[in-house]
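Worksheet: the structure to be examined is printed underneath.
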Amino acid sequence: MDRPSTSLRRHRWNLLLLFLSGFHWSLAATPVQAQGTGANQEPSSSPQPTEAPPADSKSDVQNDESQKKSQRERGAFVAAPLPISSPALGAGIVPVLAYIFPISASDRISPPSQVGAVGLATDNGTRAVVLGGQVYFGQGRYRITGVYARGNLNYDLYGQGSGDSQARLSLKQTGQVVFAESLRRTWWKLFIGPRLLWGSSLITLRPTDAESIQLPPDLGLHTTLTAIGFRLSRDTRPNRFYSTAGTFLDFTSDFFTQGLGSKYSFQSYEFAFNKYFSLTPNQVLASGSFACITGGEPPFYANCAYGTNSQLRGYTAGRYLDRYMFGTQLEYRLALPKRLGLVAFGGLGEVIPGGNQPFRNKNFLPSGGGGIRFALSKQYHVNLRVDFAQGKDSHTWSIGVGEAF
């Protein structure tokens with residue numbers, strides 16, 4: 001099994017990758033308009049008297065309106081103890097607890113906000129906890145996101161480029177991450193705003209009998225990274241938890257510099273574009289494309305990593321990484337009765353070795369598979385997902401909360 005997906009969201013720091021993988025909240029601007037239930041009715045101009053509805057019928061209507069209003073005002077908990085069996089992190093559990101709620105009963109335009117926590121514990125010694133939240137307010141004009149992550153990850157490094165033929169190096173990375181972002185909606189439903197990322201970590205070599213590769217320069221050193229950046233995002237989906245129509249466009253840029261206290265100076269750029277088609281009331285076709293570019297002199301773990309954030313499932317996270325990465329995928333989604341659902345997906349991507357070998361057949365990384373869904377929250381249509389995917393040289397099982405993209 002691969003790590004649980006999230007798709008919140010895409011930061012180039014391992015603990016934040018854990019957050020985005022295990023805590024799939026889709027951390028992106030979502031100008032969703034809450035669905036009202038009222039209708040304006042004009043009095044009849046006819047002088048003829050009309051028969052009043054029975055008392056019981058009037059009472060039922062009032063109770064129904066009161067119930068719908070109560071549902072709009074209250075939130076919903078999403079809790080799931082997700083099992084994990086990952087080639088990268090081992091077998092264990094990822095407990096997820098989130099609360100989705102409207103920020104104000106009078107604000108029917110802002111999308112629902114959320115707060116929550118995610119844990120991680122596996123048999124290879126990996127331990128981590130993530131706390132975070134995202135709040136919409138001001139009639140959907142503002143969005144603030146905050147994340148704190150702390151723990152240690154035990155994983156294997158295969159070197160840059162195509163890792164299928166490279167020896168692995170077993171590493172342990174301990175550290176913490178703080179992330180904050182503030183966005184404002186502008187023209188054409190675009191959300192724009194600054195972001196801040198700070199993290200510190202220590203990387204050491206784990207005892208292993210496996211053949212080793214060239215040791216990274218960060219080994220045994222305490223590393224601090226600090227970045228300022230910005231996000232530009234446009235989201236026209238009617239429901240970000242289960243999208244049936246609309247588009248999602250997202251561009252982020254982070255600038256790590258020694259002037260801010262960062263050990264390394266480099267830049268990270270990421271782009272994503274998803275489009276959703278409603279084939280029938282119960283069938284959806286989703287398409288997603290992504291690209292990643294890293295410039296400057298980043299540490300090895302700040303490169304574009306294939307197989308993270310559900311970007312083409314079927315690959316062990318970190319087995320393929322380099323300065324440049326892109327991919328595209330399609331997913332068919334079928335909603336069934338009793339909160340159930342089915343999906344089938346496939347796609348193609350590439351990690352470009354050295355940035356100078358694009359579109360070579362030997363570097364293409366295909367993926368395909370399918371999965372089942374179970375609605376944890378009927379109110380917001382938040383699904384528990386279980387997917388099986390086959391890649392070029394490996395396969396993965398992934399379990400997560402929310403759709404892959």
(message) Please report the carbon-and-sulfur percent of the accessible area for the stretch 297-343; probe 1.4 Å, protein heavy atoms only, DNA, RNA and ligands left out.
(response) 64 percent
(message) Can you classify the stretch 70-139 as rounded, prolate or oblate using the Cα gyration tensor, where a ≥ b ≥ c are the square roots of its eigenvalues, rounded means a/c under 1.5, and otherwise it's prolate if a/b beats b/c and oblate if not?
(response) prolate
(request) Could you state the accessible area per residue of the stretch 217-301 in Å², with a 1.4 Å probe and every protein chain left in place? (result) 40 Å²
(message) Filter 189/338; 189/263; 189/378 down to the pairs with a C-alpha to C-alpha distance above 30 Å, please.
(response) 189/338; 189/263
(request) Just order 398-404, 177-183 by mean Cβ neighbour count inside 10 Å, highest at the front, would you? (result) 398-404, 177-183
(message) Less than 11 Å Cβ to Cβ from residue 100, Lys/Arg counted +1 and Asp/Glu -1: what total charge do the surrounding residues give?
(response) +2
(request) May I ask which residue of 289, 332, 317 lies farthest towards the positive end of the charge dipole of the stretch 279-338, with charges of +1 (Lys, Arg) and -1 (Asp, Glu) on Cβ and the Cα centre as origin? (result) 332
(request) Kindly write out, for the stretch 335-348 in residue order, the coupling ³J(HN,Hα) from the Karplus curve 6.51 cos²θ - 1.76 cosθ + 1.60 (θ = phi - 60°), rounded to whole Hz, with x marking Gly and Pro. (result) 8, 10, x, 6, 6, 9, x, 10, 9, 9, 8, x, x, 8
(request) Kindly write out, for the stretch 386-393 in residue order, the coupling ³J(HN,Hα) from the Karplus curve 6.51 cos²θ - 1.76 cosθ + 1.60 (θ = phi - 60°), rounded to whole Hz, with x marking Gly and Pro. (result) 10, 10, 10, 9, 10, x, 5, 9
(request) Filter the trypsin sites (Lys or Arg not before Pro) in the stretch 73-145 down to the DSSP loop ones having no more than 11 other Cβ atoms within 10 Å, then list what survives. (result) 74
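The values are calculated or read from the model by the stated rules, or taken from the named source; none is laboratory data. Only a predicted model underlies this, so the values are computations on that prediction, with no experimental measurement involved. Positions of Cβ are generated from backbone atoms using ideal geometry, with glycine treated the same way; all protein chains shown enter the neighbour counts. The area values use the complete protein model at the heavy-atom level, side chains included, leaving out ligands, DNA and RNA. Shrake-Rupley method; radii C 1.70, N 1.55, O 1.52, S 1.80 Å.
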